[in-house]
Amino acid sequence: MAVCLVTGANRGIGREVCRQLAALGHTVLPTARTAGAAELVLDVTDPDSVLRAAEEVRRRHGRLDVLVNNAAITYDTWQRAATADLDVVRQAAETNLYGPWRTTQAFLPLLRASRSGRIVNVSSEAASLTNMGGGTPAYTASKTALNALTRMLAAELRPDHILVNAVCPGWVATDMGGSGGRPVTAGAAGVVWAATLPDDGPTGGFFRDGRPLPW
């Protein structure tokens, strides 16, 4: 069974992804920014915290099979791009883009030690350039950049047999998504699908519920 690490796993989609992966028999390492909120402390905005978590996984398991970059902040419905507070945009990018980037870099040696590495970047259909409109500029721009990172990593890591995909869980009823969305179990299922792809599965794709989304 796979060793799986999920960031932002103390609530919402992250916690449900952990539950579903564990139900499939995998070894799951939930992480959160604060001690006691999950099995491992991992603050994606703190390089030292990320490196400590990577060292702990190396010590315990010697490899990592699945990295789910789920931690995200700032669904800024109150903003418009023309008038956005750029400090808010920078803060969102620190978690939503640079966080997954530095986490992937730190865990890459352990992913390369796996026979079937998987990286899943939890994105959003809001990041689709095809359908993009106005609003939520910090969240949208950071997730669009995360999609670009997904494409680059997929191309670069193909020789290592590491599959890298972006997944939109849809509008899910969570603390960030608010009420009225689909059940968190349904949103998490698409992430778990990408985390458990077979070796001949897709890489460099953007999906919801296992079906491609337009870039």
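The values are calculated or read from the model by the stated rules, or taken from the named source; none is laboratory data. The structure presented is a predicted model; accordingly, all values stated were derived computationally and were not measured. For neighbour counting, all protein chains shown are included, and Cβ atoms are generated from backbone atoms with ideal geometry for every residue, glycine included.
Values for this structure:
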| quantity | calculated |
| --- | --- |
| Top-ranked residue of region 170-205 - restricted to ones that are in contact with a Phe, Trp or Tyr (Cβ under 7 Å, 6 or more places away or on another chain) and assigned to a loop (DSSP other than H, G, I, E, B), ranked as modelled with the lowest pLDDT | 177 |
| Filter result (closer than 16 Å to residue 73 by Cβ and polar (S, T, N, Q)) within region 5-27 | 7, 10 |
| Out of 7, 27, sole residue that is surrounded by 18 or more Cβ atoms within 10 Å (Cβ to Cβ) and in contact (Cβ under 8 Å) with a residue 24 or more places away in the chain | 7 |
